[in-house]
Amino acid sequence: MDSSTTGNAERTLGMGAIAHYIERHTGHKPSRSTIWRWGLTGRLAYRRIGGRLYTTETAVRAMLAADEQRNRGSVNSRGEAAAARLENLVNRDARGEVA
């Protein structure tokens, strides 16, 4: 079984449920090997039970939020770098350095 609930305990997700949860929230369904890699590299908090990987909805939401924050920062950095290059080019052109 991929997911379960017990009383007030947090919902536990197995590999299949993790992939479907991420697909519902991002539009992309990760492979099982990708989910394993996220767990092994510390990107996704998990527990191994009987050789299987399990996590919680909270852990998946935290990972997705961290990814969104990281992506937002990298887009801003790329945009700022492009703006700096453009400004440099305009300044060089004004000085007659650009042919």
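Within the range 49-90, the only residue that satisfies the criterion of being touching a Gly at 6+ places or on another chain (Cβ under 8 Å) and either among the basic types (Lys, Arg) or at pLDDT below 90 (or both) is Arg52.
Among what's in the range 28-52 and is of a type in the set (Gly, Ala, Ser) and touching a helix residue (DSSP H, G or I) at 6+ places or on another chain (Cβ under 9 Å), pick the residue that is nearest to Thr12 (Cα to Cα). Among residues in the range 28-52 that are of a type in the set (Gly, Ala, Ser) and touching a helix residue (DSSP H, G or I) at 6+ places or on another chain (Cβ under 9 Å), the one nearest to Thr12 (Cα to Cα) is Ala45. Scanning the range 51-66 for residues that are surrounded by 15 or more Cβ atoms within 10 Å (Cβ to Cβ), outside any helix (DSSP H, G or I) and not aromatic (Phe, Trp, Tyr) yields Leu53, Thr55, Thr56. Here the range 15-43 is the region considered, the condition is being in a loop (DSSP other than H, G, I, E, B), at pLDDT below 95 and not hydroxyl-bearing (Ser, Thr, Tyr), and the residue that is nearest to the chain's Cα centre (by Cα) is Arg43.
The values are calculated or read from the model by the stated rules, or taken from the named source; none is laboratory data. Predicted model, so just to flag it, every value in this text is computed and none were measured. Here Cβ is always computed from backbone atoms with ideal geometry, including for glycine, and neighbour counts include all displayed protein chains.
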